Amino acid sequence: QLNTAEWVAACPLTQRGCVRGELPLKTKPYADQKPGTSGLRKRVTVFQQNQHYAENFIQSIISVVDPAERQAATLVVGGDGRFFMKDAIQLIVQIAAANGINHLVIGQNGIMSTPAVSCVIRKIKAVGGIILTASHNPGGPNGDFGIKYNISSGGPAPEGITNKIFEISKALQEYHICPDLKVDLSKIGKQTFEVETFKPFIVEIVDSVEAYAEMLRDIFDFPALKNLLSGPNHINVRLDAMHGVVGPYIRKIVCEELGSPANSAVNCVPQEDFGGHHPDPNLTYAADLVNTMKSGEYDFGAAFDGDGDRNMVLGKHGFFVNPSDSVAAIAANITSIPYFKKTGVKGLARSMPTSGALDNVAKALQMELYETPTGWKFFGNLMDAGKLSLCGEESFGTGSDHIREKDGLWAVLAWLSILATRKQSVEEIMKNHWQTFGRNFFTRYDYEEVDSDAANKMIKDLEAQMSEPSFVGKTFSSGDKSYVVAVADNFAYTDPVDGSVSKNQVNGMHTCEIIFRLSGTGSAGATIRLYIDSYEKDPQKIYQDPQVMLAPLVDIALKVSQLHERTGRTGPTVIT
Ligand code: G16
């Protein structure tokens, strides 16, 4: 095996300085490159310190593009600006060139949000895209990195393809690379390179925001939004990009174009370590925004995650809109968004642990409702088949069939459209919603980085407990509340479009649902999620504090699972 320098020396250079790529480099396969809920996410050190680790995974992704199609293929590449992103992009360029991919479209300086990558893939009809992000996980040299493959629809690769990538990675003995090929990521325009035996290889650096902004102009009523944000009776907004990728998008679209003052947007310069913070838009990690909103100075607040696909919406005084309620409220007010007037509403969907708030709207408005496993990729098939227009997840994801990823800024403009139409506050809109549809009290407890063996054993024992014939019908009590188990199951999903089956998605007790699930996006140990959903339609009871309302169910869930005893934890890391 040659090291890179020896290999370069042994290979003839072409006239533009690119080493021919046909000569493969030897490597050894890794056994742990199985993509999770959304791509391969690991500590940066795993990518940096293991020889050829990143190269192997990139080669495995590119290997799923049919060799016969590569000379006509365009791939979109972009990331959330985190540490190691630029190194990874240079590797993608070198490996794509050596594998005969013809054309890469890359965001300037590598920056492109996950929804923007999805938008560009669709717009230019690329064969797919590679997104460099670990989403809401922390970044920096000791943080996380991630690589994710999206297909030509613009959506995350479905399990059939991620399994194929995994199989290739486990057997990989060599990869192809042009190690001398370097691109200038800062310069907008086309750079062409000669690669022997292939057509000239084109790398096109594009503005990170423009195509995405153009799409939003077509979806929303920009003059109405401009009036809301900068007209005579404008509202005050506070948008926190959390040093993630969405900063440049907020500045260009919300500030420059819709006229919101520059100081309404904070933390808008993407940083490699997200300023040392956790770029996760929830009540714990976006506490700065929550506290600022409590002052009452702002009417509307929102935070976004590292790659710009998640969002958290707050009203004046920090009124929190639970993500499961957020998608339900958007559905109930869908005519405020011009896009849906054009396309019609084909159906609604939510992931299984997401509360049933959306189901109530679907029922009332007689719309089709789909319940999928966790992971945005499951919505893509339904959208491609023309069955789904609007969907959301409890994990702060909201979006529609305008692209095939969840879309943080889209969700914020959707909410602002509702505010502009209804001329009410966020709190009034939500209270009105609960009066009309009833309220699903919802909470999620996250136990991050617990011991994997303990977490797996807990789930296994829960499965065994639930499959005992006497489990259904059992009564559990906490204080003066008692609940009878009506259903106990392990959620499985058969895709209504292609018939593919996803098993073992969750263990749960439905009806007043208590759900236990292991996260698929962590990078170390295991993260246990406990989800609780309880529906209330009595107007006297719908304004209670969810944590008070749900306390007995939390207590029962902890007793049944022995979660604290088994993990040695005394409480969750994050409560939503
Ligand atoms: C990803 C998926 C989401 C999913 C979330 C769940 O989000 O895109 O559809 O809801 O993971 O995460 P977990 O498995 O940890 O519960 P993201 O924003 O991390 O790409």
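Is it the case that F378 is of a type in the set (F, W, Y) and within 13 Å of the chain's Cα centre (by Cα)? If you could, list the steps in order and put the result at the bottom.
Details: of a type in the set (F, W, Y): yes; within 13 Å of the chain's Cα centre (by Cα): yes.
Answer is yes for this residue.
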Quiz item: Applying the selection to segment 456-504, what residues are outside any loop (DSSP other than H, G, I, E, B), touching a helix residue (DSSP H, G or I) at 6+ places or on another chain (Cβ under 6 Å) and either more than 21 Å from L550 (Cβ to Cβ) or not aliphatic (A, V, I, L, M) (or both)?
Solution: F476, S478, K481
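Does A126 satisfy the criteria of being of a type in the set (A, V, I, L, M), within 15 Å of the ligand (Cβ to nearest atom) and either surrounded by fewer than 24 Cβ atoms within 10 Å (Cβ to Cβ) or in a loop (DSSP other than H, G, I, E, B) (or both)?
Details: of a type in the set (A, V, I, L, M): yes; within 15 Å of the ligand (Cβ to nearest atom): no; either surrounded by fewer than 24 Cβ atoms within 10 Å (Cβ to Cβ) or in a loop (DSSP other than H, G, I, E, B) (or both): yes.
When the stated conditions are applied, A126 does not pass them.
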Exercise. From the list G308, G276, pick out the single residue that is surrounded by fewer than 20 Cβ atoms within 10 Å (Cβ to Cβ), small (G, A, S) and either touching a residue at least 12 places away in the same chain (Cβ under 8 Å) or under 30 Å from G140 (Cβ atoms) (or both).
Key: G276
Quiz prompt | Test set (1) assigned to a helix (DSSP H, G or I); (2) touching a strand residue (DSSP E or B) at 6+ places or on another chain (Cβ under 9 Å); (3) not hydroxyl-bearing (S, T, Y) - A349 fails condition number | solution = (1)
Quiz item: What number goes with the only condition from (1) at pLDDT below 90; (2) touching a helix residue (DSSP H, G or I) at 6+ places or on another chain (Cβ under 7 Å) that E536 does not pass?
Solution: (2)
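Return a yes/no flag: does segment 478-493 have any residue that is within 16 Å of the ligand (Cβ to nearest atom), of a type outside the set (S, T, Y) and touching a strand residue (DSSP E or B) at 6+ places or on another chain (Cβ under 8 Å). So that I can check it myself, show each step before the final result.
In the first step, residues of segment 478-493 are kept if they are within 16 Å of the ligand (Cβ to nearest atom); the result is 491, 493.
From what is left, the residues that are of a type outside the set (S, T, Y) are 491.
After this cut, where a residue has to be touching a strand residue (DSSP E or B) at 6+ places or on another chain (Cβ under 8 Å) as well, the list is 491.
Within segment 478-493 (the criterion being within 16 Å of the ligand (Cβ to nearest atom), of a type outside the set (S, T, Y) and touching a strand residue (DSSP E or B) at 6+ places or on another chain (Cβ under 8 Å)), the answer is yes, since at least one residue qualifies.
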Practice problem: Output the qualifying pairs, or none if there are none: Cβ atoms under 7 angstrom, residues six or more apart or on different chains, first residue in segment 393-415 and in contact (Cβ under 8 Å) with a residue 60 or more places away in the chain and farther than 19 Å from F442 by Cβ, second residue within 11 Å of the ligand (Cβ to nearest atom) and of a type in the set (G, A, S). | Solution: R404/G155; R404/G380; E405/G155; E405/G399; D407/G399; G408/G308; L409/G308; W410/G399
Quiz item: Just for segment 517-533: of the residues that are modelled with pLDDT under 90 and more than 10 Å from the ligand (Cβ to nearest atom), which one is surrounded by the fewest Cβ atoms within 10 Å (Cβ to Cβ)?
Solution: A524
Quiz prompt | Out of S400, S417, S395, sole residue that is crowded, with 24+ Cβ neighbours inside 10 Å, of a type in the set (S, T, Y) and more than 18 Å from the chain's Cα centre (by Cα) | solution = S417
Practice problem: Can you confirm whether segment 240-257 contains a residue that is over 22 Å from the mean Cα position of the chain (by Cα) and not in a helix (DSSP H, G or I)? | Solution: no
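Filter segment 370-422 for residues that are more than 16 Å from the ligand (Cβ to nearest atom) and out of contact with any strand residue (DSSP E or B) (no Cβ under 8 Å at 6 or more places or on another chain) and give the result.
The first filter runs over segment 370-422 and keeps only residues more than 16 Å from the ligand (Cβ to nearest atom), leaving 384-387, 389, 402, 413-422.
If the condition is that a residue be more than 16 Å from the ligand (Cβ to nearest atom) and out of contact with any strand residue (DSSP E or B) (no Cβ under 8 Å at 6 or more places or on another chain), then D384, A385, G386, H402, L413, S417, I418, A420, T421, R422 are the ones that fit.
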Quiz item: Going through segment 131-178 one residue at a time, which ones are at positive phi, surrounded by 23 or more Cβ atoms within 10 Å (Cβ to Cβ) and either away from the ligand (no atom under 12 Å from the Cβ) or part of a helix (DSSP H, G or I) (or both)?
Solution: G154
Quiz prompt | Criterion (over 23 Å from T37 (Cβ atoms) and surrounded by fewer than 19 Cβ atoms within 10 Å (Cβ to Cβ)) met by exactly one of F471, F441, F437 | solution = F471
Quiz prompt | Near pairs, Cβ below 9 angstrom, 6+ apart or cross-chain, from segment 501-527 (farther than 17 Å from A464 by Cα) to any residue that is modelled with pLDDT under 65 and within 16 Å of the ligand (Cβ to nearest atom) | solution = none
Practice problem: Scan (1) more than 16 Å from the ligand (Cβ to nearest atom); (2) not in a loop (DSSP other than H, G, I, E, B) for the single condition P115 breaks and write down its number. | Solution: (1)
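The values are calculated or read from the model by the stated rules, or taken from the named source; none is laboratory data. Treat the numbers as computed from the prediction; the structure is a model and nothing was measured. We place every Cβ from the backbone using ideal geometry, glycine too, and count neighbours over all the protein chains shown.
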